[in-house]
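As structure tokens, the structure follows; a few thoughts come after it.
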Amino acid sequence: MVCCGGLLCVAVLIYMFCLPKDLFKGTCYSTVMTDRHGELLGARIAEDGQWRFPPSDTVPEKFAVAITEFEDRWFRVHPGVNPVSLVKAAWRNISAGHVVSGGSTLTMQVIRLSRQRERTVGQKIIECILATRLELRCSKDEIMALYAAHAPFGGNVVGLEAASWRYFGKPSSELSWGEAATLAVLPNAPSMIHPGKNREQLKAKRDRLLKRLAERKKIDAETCGLACSEPLPDEPLPLPQYAPHLMDLLSKAQETVPRRETGKTHKVPASGGIIMQNGAIQGVRMDNGRIESPIDIALQKRVDNIMERWNNELSRSGIKDLAAVV
């Protein structure tokens with residue numbers, strides 16, 4: 001009995017400490033700069049060549065509803081593993097003679113994305129164990145946010161926010177139902193987004209998801225019809241590039257900020273002729289790849305338009321360089 005009790009204690013301790021504190025430690029993110037109101041000014045690709053925006057604490061409701069319906073309908077109630085889904089997946093795989101379904105929950109997919117291991121039966125068992133441990137540590141909303149930030153969306157686009165900007169030119173909070181459904185089906189088969197390829201298959205998957213949402217009263221019939229008529233994205237869109245010189249300056253400064261100090265306001269050393277106060281840019285906040293600048297994007301656009309008009313006028317006289325002080 002004493003021996004069994006000791007083994008049980010060891011097993012419990014191993015289980016409690018089996019999950020890394022930071023699942024995605026070492027993951028590099030794009031540097032993203034916003035204005036004072038949180039509007040995107042620009043971004044720089046991550047060191048590994050991926051468009052991967054820093055994680056957000058929240059996931060827009062439309063995408064959350066769409067992804068749970070498509071990937072994991074019981075996400076809000078299961079403990080990280082859905083035994084029924086695993087049994088069904090095993091039966092389908094045996095019947096087909098090859099792997100056609102994994103039966104993974106969203107929580108298990110977060111574990112797989114963080115580990116990047118070969119898909120084997122042994123790894124599936126480990127994913128199940130770690131998924132239940134993750135459920136004890138994090139809330140469902142936190143797990144959803146981890147998934148949304150690290151799921152693949154085709155090509156070199158990783159994470160919901162980067163995908164929303166690259167494919168639809170807008171933040172994820174402004175996605176329509178058709179756009180949210182399109183992105184919800186992509187992580188399951190990210191290669192379907194390639195421009196000019198797989199258009200019919202991608203539309204069919206999106207429309208099936210939208211009809212399921214309508215059947216389950218998540219959206220009404222009119223919304224479903226309108227969403228199904230929405231066009232699919234074409235080639236990836238360029239990201240906004242407002243205040244590119246400030247973006248370059250702060251991107252370099254971001255590289256020197258220790259990760260443990262993120263979340264604090266940092267003063268960036270003077271450089272490049274930028275107007276400073278006491279040798280630093282005031283009001284700049286850098287947090288784990290996110291740069292919050294004091295710029296107002298509406299004012300920036302007005303200044304850009306004025307500069308463009310004057311550039312067209314003065315270039316006829318050989319004047320090619322302009323600067324403005326606001």
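The values are calculated or read from the model by the stated rules, or taken from the named source; none is laboratory data. None of the values given here were measured: they were computed from a predicted structure. Reconstructed Cβ throughout: ideal geometry from the backbone, glycine too, with neighbour counts over all protein chains shown.
In the range 19-35, the residues that are more than 23 Å from G80 (Cβ to Cβ) and of a type in the set (A, V, I, L, M) reach residues that are in a loop (DSSP other than H, G, I, E, B) and at pLDDT 90 or above with C-beta atoms within less than 6 angstrom, at least six apart or across chains, in these pairs: V32/F53.
The conditions of being surrounded by 16 or more Cβ atoms within 10 Å (Cβ to Cβ) and either closer than 25 Å to P79 by Cα or without any contact (Cβ under 8 Å) to a residue 12 or more places away in the chain (or both) are met by A131. At pLDDT 90 or above, within 20 Å of the chain's Cα centre (by Cα) and hydrophobic (A, V, I, L, M, F, W, C) - does that describe any residue in the range 214-222? No - not one qualifying residue is present in the range 214-222. Remark: pairs (first residue in the range 137-164, over 18 Å from L232 (Cα atoms); second residue among the hydroxyl-bearing types (S, T, Y) and modelled with pLDDT of 95 or more; Cβ separation under 6 Å; 6+ apart in sequence or on different chains) = I143/T107. Quick one: in the range 263-307, which of the residues that are in contact with a Pro (Cβ under 6 Å, 6 or more places away or on another chain) and modelled with pLDDT of 75 or more is surrounded by the fewest Cβ atoms within 10 Å (Cβ to Cβ)? Of everything passing the filter in the range 263-307, N288 is surrounded by the fewest Cβ atoms within 10 Å (Cβ to Cβ).
Pairs meeting the criteria (first residue in the range 172-189 and touching a residue at least 60 places away in the same chain (Cβ under 8 Å), second residue of a type in the set (F, W, Y) and part of a loop (DSSP other than H, G, I, E, B), beta carbons under 9 Å, at least 6 apart or on different chains) are L183/F153; P187/F153. Summed over the range 228-247, the residues that are under 30 Å from R208 (Cβ atoms) and surrounded by 12 or more Cβ atoms within 10 Å (Cβ to Cβ) give a count of 6. The sole residue among I111, I94, I67 that is more than 24 Å from D207 (Cβ to Cβ), assigned by TED's automatic domain parsing to the domain that holds L183 and in contact (Cβ under 8 Å) with a residue 40 or more places away in the chain is I111. Residue pairs whose Cβ atoms lie under 7 Å apart, sitting 6 or more positions apart in sequence or on different chains, and linking a residue in the range 196-209 that is over 21 Å from E69 (Cα atoms) to a partner that is modelled with pLDDT of 90 or more and surrounded by 12 or more Cβ atoms within 10 Å (Cβ to Cβ), are R199/L232. Please indicate, with yes or no, whether at least one residue in the range 217-224 is in contact with a Leu (Cβ under 6 Å, 6 or more places away or on another chain), part of a helix (DSSP H, G or I), surrounded by 15 or more Cβ atoms within 10 Å (Cβ to Cβ) and of a type in the set (A, V, I, L, M, F, W, C). Within the range 217-224 (the criterion being in contact with a Leu (Cβ under 6 Å, 6 or more places away or on another chain), part of a helix (DSSP H, G or I), surrounded by 15 or more Cβ atoms within 10 Å (Cβ to Cβ) and of a type in the set (A, V, I, L, M, F, W, C)), the answer is yes, since at least one residue qualifies. Looking only at the range 78-89, decide whether some residue is without any contact (Cβ under 8 Å) to a residue 24 or more places away in the chain, crowded, with 18+ Cβ neighbours inside 10 Å and over 20 Å from Y147 (Cα atoms). Yes, because at least one residue in the range 78-89 is without any contact (Cβ under 8 Å) to a residue 24 or more places away in the chain, crowded, with 18+ Cβ neighbours inside 10 Å and over 20 Å from Y147 (Cα atoms). Within the range 46-67, the set of residues being touching a Leu at 6+ places or on another chain (Cβ under 9 Å) and assigned to a loop (DSSP other than H, G, I, E, B) comprises F53, P55, S56, V59, P60. Summed over the range 150-192, the residues that are touching a Ser or Thr at 6+ places or on another chain (Cβ under 7 Å) and of a type in the set (D, E, K, R) give a count of 2. Within the option set R76, R36, being in a loop (DSSP other than H, G, I, E, B) and at pLDDT 95 or above holds for one residue only, R76. Under the condition of being small (G, A, S) and out of contact with any strand residue (DSSP E or B) (no Cβ under 9 Å at 6 or more places or on another chain), the residues counted in the range 132-169 number 6.
Within the range 248-257, at least one residue is at pLDDT 85 or above, part of a helix (DSSP H, G or I) and surrounded by 10 or more Cβ atoms within 10 Å (Cβ to Cβ).
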